[in-house]
1. In the list SER262, SER244, which residue meets the criterion of being within 21 Å of the chain's Cα centre (by Cα) and among the polar types (S, T, N, Q)?
2. Hey, which of the helices (runs of 4 or more DSSP H) in region 177-253, taking only ones fully inside, have at least 3 residues that are in contact with a Leu (Cβ under 9 Å, 6 or more places away or on another chain)?
3. Testing HIS42 on (1) in contact with a Lys or Arg (Cβ under 8 Å, 6 or more places away or on another chain); (2) free of Cβ contacts under 8 Å to residues at least 60 places away in the same chain, one condition comes back false. Which one is that?
4. Consider ARG251 carefully, then state whether it is of a type in the set (D, E, K, R), surrounded by fewer than 13 Cβ atoms within 10 Å (Cβ to Cβ) and farther than 19 Å from VAL82 by Cα.
5. Name the pairs whose Cβ atoms lie under 7 Å apart, with the first residue in region 262-275 and assigned by TED's automatic domain parsing to the domain that holds GLN243, the second exposed (fewer than 11 other Cβ atoms within 10 Å of the Cβ), and 6 or more positions between them or separate chains?
6. Among the numbered conditions (1) out of contact with any Lys or Arg (no Cβ under 9 Å at 6 or more places or on another chain); (2) free of Cβ contacts under 8 Å to residues at least 60 places away in the same chain, tell me where SER120 comes up short.
7. For region 294-341, which positions are surrounded by fewer than 16 Cβ atoms within 10 Å (Cβ to Cβ) and either assigned to a helix (DSSP H, G or I) or small (Gly, Ala, Ser) (or both)?
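The values are calculated or read from the model by the stated rules, or taken from the named source; none is laboratory data. These numbers come from a predicted model, not from an experiment. Here Cβ is always computed from backbone atoms with ideal geometry, including for glycine, and neighbour counts include all displayed protein chains.
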Amino acid sequence: MFAAQYIGNKSFNVVKGHAIAPQAGEVRLDVGYVGICGTDMHIYHGVMDQRVSIPQTIGHEISGVVAQIGEGVEGFTVGEKVVVRPLDWCGECPTCEAGLTHICQNLKFMGIDTPGAFQSSWTVKARTLHKLPAGVDLKQGALVEPLSVACHDVRRSRLKAGEKAVILGGGPIGQLVAAVAKSVGAEVLVSEPNDSRRAFADELGVKSVNPMDTDLAAYVDEWTGTKGADVVFEVSGVLPAIQSMTQIAGRRGRIVMVAIHSTAPPIDLFQFFWKELELLGARVYEAADFDWAIELIASGQIDLKPFISSVSPLADIGSAFANMDGNPQGMKALVECNAEQ
């Protein structure tokens, strides 16, 4: 088997290794495809070197095929297509005992805190696996993880049919949030300055607006008939969006914080008082979000094929990252880890 190891300084080494036999409760996978996400790009830029144990195999947006099953594992058979929910929770802290394992107080994120999926064979705990239906191929399967992020965001928002939602930021996650919001029957507006990303939103069948040349608050006011947005998803991580989110939310609107803000931004708390707004955090996903994402794909409600910008072999992982670096046109780049898959 081969594995790509991040070695720092925007560099990878592809090394030959040995498949790890599964222990009790584990399953070994032949990895199909792994997506490159924003977190992977942060690692690539060295922003997370203090968290990643260099050299390390990273990656967590993965689809694969069950190759070997450890003792005590039930419900899976060799040859089944699966995806991994890459969270390793302790099961013992108060948060886990409350059933919120996705925000475990001792959570390890696989592919960041522990070795990840950019390898041809990966051994994981069986509890992290979700089966893929026969009609969902491994390329689409590799996008179940980011789609699950969007499902969690929408589920947290309590968005329902007929409501109006604004997504601040039209990157991959923002577009997936738009797709999930549309699937529940909401009217959707994506605010995004990049022309190609607005065009992508248009192809999804949702409205888009450029906040750089349009007064977003006035636009949303007209679009909603002065009511304001029922739900605002802040996905961009930039200060202008923080300033906009309270302006465009309507009375008793819900604001979902999807983006990660590394510094504490100023927030207009007066608007929370005046409009009785809610601010909801949304971190990663739960098992139900993976199940929902898989159903959305399998039923044809969401087509993930347009999101796949490129597919590269594992040997070319360095080029795949370099091509995604600073490429606003790209949505999701996949790395193929087993050519025979």
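1. Values: SER244 fails: within 21 Å of the chain's Cα centre (by Cα).
Step by step, each of SER262, SER244 is checked, and only SER262 is within 21 Å of the chain's Cα centre (by Cα) and among the polar types (S, T, N, Q).
2. Values: elements: 195-204, 216-223, 239-248.
Fully inside region 177-253 and qualifying: 216-223, 239-248.
3. The number of the failed condition is (1).
4. Working: of a type in the set (D, E, K, R): yes; surrounded by fewer than 13 Cβ atoms within 10 Å (Cβ to Cβ): yes; farther than 19 Å from VAL82 by Cα: yes.
For ARG251, the condition - of a type in the set (D, E, K, R), surrounded by fewer than 13 Cβ atoms within 10 Å (Cβ to Cβ) and farther than 19 Å from VAL82 by Cα - is met.
5. Matching pairs, first to second residue: none at all.
6. The number of the failed condition is (2).
7. Step one: filter region 294-341 for residues surrounded by fewer than 16 Cβ atoms within 10 Å (Cβ to Cβ), giving 295, 298-301, 303, 305-306, 311, 313, 315, 319, 322, 325-329, 339-340.
If the condition is that a residue be surrounded by fewer than 16 Cβ atoms within 10 Å (Cβ to Cβ) and either assigned to a helix (DSSP H, G or I) or small (Gly, Ala, Ser) (or both), then GLU295, ALA298, SER299, GLY300, LYS305, PRO306, ALA315, SER319, ALA322, GLY326, ALA339 are the ones that fit.
This table checks each residue for (1) touching a Gly at 6+ places or on another chain (Cβ under 8 Å); (2) over 30 Å from GLN140 (Cβ atoms).
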residue: LEU216; (1), (2): no, yes
residue: GLY228; (1), (2): yes, yes
residue: GLU234; (1), (2): yes, no
residue: ILE260; (1), (2): yes, no
residue: GLN271; (1), (2): no, yes
residue: GLU278; (1), (2): yes, yes
residue: ASP289; (1), (2): no, no
residue: TRP292; (1), (2): no, no
